[in-house]
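Okay, structure first, notes after.
The values are calculated or read from the model by the stated rules, or taken from the named source; none is laboratory data. Model, not experiment: these values are computed from the prediction. Glycine gets a Cβ as well: all are built from the backbone with ideal geometry, and neighbour counts include every protein chain shown.
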Ligand SMILES: Cc1cc2nc3c(=O)[nH]c(=O)nc-3n(C[C@H](O)[C@H](O)[C@H](O)COP(=O)(O)OP(=O)(O)OC[C@H]3O[C@@H](n4cnc5c(N)ncnc54)[C@H](O)[C@@H]3O)c2cc1C
């Protein structure tokens, strides 16, 4: 029997048999044995140390806005690192932000503090930690552009050694929707951003314009549960000199007419799958495979997924051994 007193004393909420549909924007997924809800760096560090000590296998999630969790749930525990209020310190033009802070809260804080560099992230759901892992971005801007350093808990799944390590941005290769954190088990505790001084009014105006543009194309996940764009945009070919929207290829291939069980393609954006009545995570998996096949058949292009699957699905590649894939 686990003694959870230490965590409860630190105000870490511990949920037994947590339904992961409550912790993802797709509102899908089965249960996990234990979920630890951490908001602050201190809570996160203590919880990770506790899991190491007690030999508890876990995965870490932020807001779950880039995930599709299996209907079967997962058999390891989950540490959720999301804060209901921004945890930010200003040092000159730098902001030091907990990985649990919501990206949108950070954008608003930067505007109020007349600091420029984060406006491109306006309206992107999720936490700062999740955004840095996936180098989130929009409108040609990506979060990696303004990261100065990242404080991480390094862990080696073979031999759990606990170490807090600061990594400079130049040692983190960021690329389109990718950072090295996608391949390592490192946990992002906090991030230092380097911003430029600016004026509040133009920043606020740009922020509002970006939100209006997003509202035209993107669904509100509270009404249409989803994980944003399902596939990455297509890398430049010798013919097309720049990255091309996956949504365009999907639309041309007829994806907007598709559905699988309760999973549907959003009518204003062919690269977004959303959950309608009765949808299972397996429906999303099946629909995404059909969408990718249509594009392969019509354009001979292999779409690459941006959204991560968590756990087991019928038809998943045999080589997958990890929980995230
Ligand atoms: C409506 C909608 C619109 C979207 N629009 C965009 C967009 O314009 N641009 C864009 O880039 N994305 C977009 N997304 C996708 C999503 O919001 C981003 O990928 C977001 O950055 C994910 O953050 P998260 O906290 O939800 O991460 P999660 O989905 O919880 O996790 C994603 C991955 O990051 C890892 N992770 C999370 N936190 C940490 C941490 N602290 N340390 C280590 N690993 C961690 C998880 O282990 C997982 O592998 C959209 C999603 C939705 C629902």
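Some points to look at:
- Filter pass, residue 40 being within 16 Å of the ligand (Cβ to nearest atom), surrounded by 15 or more Cβ atoms within 10 Å (Cβ to Cβ), at pLDDT 95 or above and closer than 25 Å to residue 124 by Cβ: yes
- Number of residues in the stretch 84-105 that are surrounded by 22 or more Cβ atoms within 10 Å (Cβ to Cβ) and either closer than 30 Å to residue 17 by Cβ or in contact with a helix residue (DSSP H, G or I) (Cβ under 6 Å, 6 or more places away or on another chain) (or both) equals 7.
- Members of the stretch 209-229 found to be near the ligand (Cβ under 6 Å from one of its atoms) and assigned to a strand (DSSP E or B), listed by number: 226, 227, 228
- Among the residues of the stretch 43-62, those identified as crowded, with 19+ Cβ neighbours inside 10 Å, assigned to a helix (DSSP H, G or I) and within 23 Å of the chain's Cα centre (by Cα) are 43, 44, 47, 48, 51.
- Of all the listed residues (135, 93), the sole one being more than 7 Å from the ligand (Cβ to nearest atom) and touching a residue at least 60 places away in the same chain (Cβ under 8 Å) is 93.
- Per-region count, the stretch 179-208, residues within 15 Å of the ligand (Cβ to nearest atom) and either at pLDDT 95 or above or under 22 Å from residue 229 (Cα atoms) (or both): 13
- Subset of the stretch 1-37 (residues that are assigned to a helix (DSSP H, G or I), modelled with pLDDT of 95 or more and more than 15 Å from residue 60 (Cβ to Cβ)): 21, 22
- Of all the criteria given as (1) at pLDDT 95 or above; (2) surrounded by fewer than 13 Cβ atoms within 10 Å (Cβ to Cβ), the one not satisfied by residue 159 is (1).
- Of everything listed in (1) more than 9 Å from the ligand (Cβ to nearest atom); (2) buried (at least 22 other Cβ atoms within 10 Å of the Cβ); (3) closer than 20 Å to residue 63 by Cα, the single unmet condition for residue 151 is (2).
- Of all the residues in the stretch 121-148, those that are over 16 Å from the mean Cα position of the chain (by Cα) and buried (at least 20 other Cβ atoms within 10 Å of the Cβ) number 2.
- Single residue of 81, 176 found to be surrounded by fewer than 24 Cβ atoms within 10 Å (Cβ to Cβ), in contact (Cβ under 8 Å) with a residue 24 or more places away in the chain and near the ligand (Cβ under 10 Å from one of its atoms): 176
- Any hit, the stretch 280-302, residues being under 24 Å from residue 214 (Cα atoms) and not in a helix (DSSP H, G or I): no
Per-residue answers, yes or no, for (1) over 23 Å from residue 133 (Cβ atoms); (2) surrounded by 20 or more Cβ atoms within 10 Å (Cβ to Cβ):
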residue	(1), (2)
251	yes, no
254	yes, no
261	yes, no
285	no, yes
298	yes, no
311	no, yes
314	yes, no
319	no, no
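- Scanning the stretch 199-226 for residues that are over 23 Å from residue 265 (Cβ atoms), touching a residue at least 24 places away in the same chain (Cβ under 8 Å) and loosely packed, with under 12 Cβ neighbours inside 10 Å turns up just one, 199.
- Yes/no for residue 302 being surrounded by fewer than 18 Cβ atoms within 10 Å (Cβ to Cβ), farther than 20 Å from residue 69 by Cβ, modelled with pLDDT of 95 or more and more than 16 Å from the ligand (Cβ to nearest atom): yes
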